[in-house]
Amino acid sequence: MGIGAMSMPHLTQGGGLQFHNSESPKVLFFDVNETLLDLTAMRESVGKVLGGREDLLPLWFTTMLQYSLVMTAGRQYEDFGIIGAATLQMVAANNGINLDEKSAKDAIVGPLRSLPPHPEVRDSLKNLKDAGYKMVSFTNSSNQGVKTQFENAGLLEFFDERLSVEDIGKYKPDADAYDWAARKMKVKKEECMLVAAHGWDIAGALWAGWRGAFISRPGAQLFPLAPKPELAEINLSLISEKLIALK
C-alpha cells in the first residue's frame, strides 16, 4: 500500500505490508452489490428458476465473479448481467435444471436493479457526506444498471460520481481497474479507500496500493493471503463512525 504522511507499516500474516493511517482518505470508493444493497431479495427469484434452490444463490454469485475474471484474463468484456445469466444457466445445468437464456436473464436483471439498501446504509452515507467526504460508487455493474439501482434504493444523492468497470472493460479485482478509478478521480492511489463487503475486492484494492474498509456481512471473509485492511466492522454504521473520527 502507499505510505501516507503518518503511516507506520508492519508485516501481516500473509506477508504483505499493512499501513495504519491516521489521515482521512481523500476519496471513499464504495462497492455496491452486498456492500450497500441487500442481495437476499434475489434469493426468491433466483431460487424459483433453480427449482426452489435458494441455497444456490452464493454459488451463482461466485461463479458470476469467476467468469467475469475469466473474460478479463482473456481480454474480453460482456455486461455483468449477461455474464450473470450465462453463469446462472451453468449452475442450473450442474444441478440437473433446464434453464433457458431468457428465463435466466429475467430472474436476475429486474431483481438486481431493485435491491433495497441494508438498513444502516442510508444514514451512514448521509453522515459521511455531512462530514465532508467525497464519495464515489465503484462497481462491476453497468453504468445504467447502477444508476437504476441507486434511483430505486434512494441513494443517488449521496455520491459525487458513479464509476463502472464498463468504461475500462476490465472487472475488479484486476489491478488496472483500481488504477483507472484513481486516475478518473485525479487522486493518488494511497489517497483512495475502498469500502466493500467482499474479501476479493478488498484484496485487489490493497494490492493496487489503496486503503481498505471491510464490511463483514454474513458469509463474507477476508482473504488470509492478502494484507489486512485498516478497518473491518460488521456494518457500514461502525465503519462510518471510525472514518468520521479521522476528519
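The values are calculated or read from the model by the stated rules, or taken from the named source; none is laboratory data. This one's a predicted model, so the numbers in the text were calculated from it and none came from an experiment. Don't worry about glycine lacking a Cβ; one is built from the backbone with ideal geometry, like all the others, and counts go over all protein chains shown.
The table below lists the values:
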{"read-out": "Any pair with Cβ under 6 angstrom, 6 or more apart, that starts in segment 51-75 at a residue that is aromatic (F, W, Y) and ends at one that is surrounded by 15 or more Cβ atoms within 10 Å (Cβ to Cβ)", "value": "W60/L88; W60/V91; Y67/I83; Y67/T87"}
{"read-out": "Residue ID - nearest to Q66 (Cα to Cα), chosen from residues in segment 201-221 that are in contact with a strand residue (DSSP E or B) (Cβ under 9 Å, 6 or more places away or on another chain) and assigned to a helix (DSSP H, G or I)", "value": "D201"}
{"read-out": "L28 being among the aliphatic types (A, V, I, L, M) and either touching a Pro at 6+ places or on another chain (Cβ under 8 Å) or within 30 Å of R211 (Cβ to Cβ) (or both)", "value": "yes"}
{"read-out": "Residue within segment 138-152 that is of a type outside the set (V, I, T), loosely packed, with under 15 Cβ neighbours inside 10 Å and touching a Leu at 6+ places or on another chain (Cβ under 9 Å) present", "value": "yes"}
{"read-out": "When residues of segment 39-81 are limited to those that are outside any helix (DSSP H, G or I) and modelled with pLDDT of 95 or more, the one nearest to V109 (Cα to Cα)", "value": "E78"}
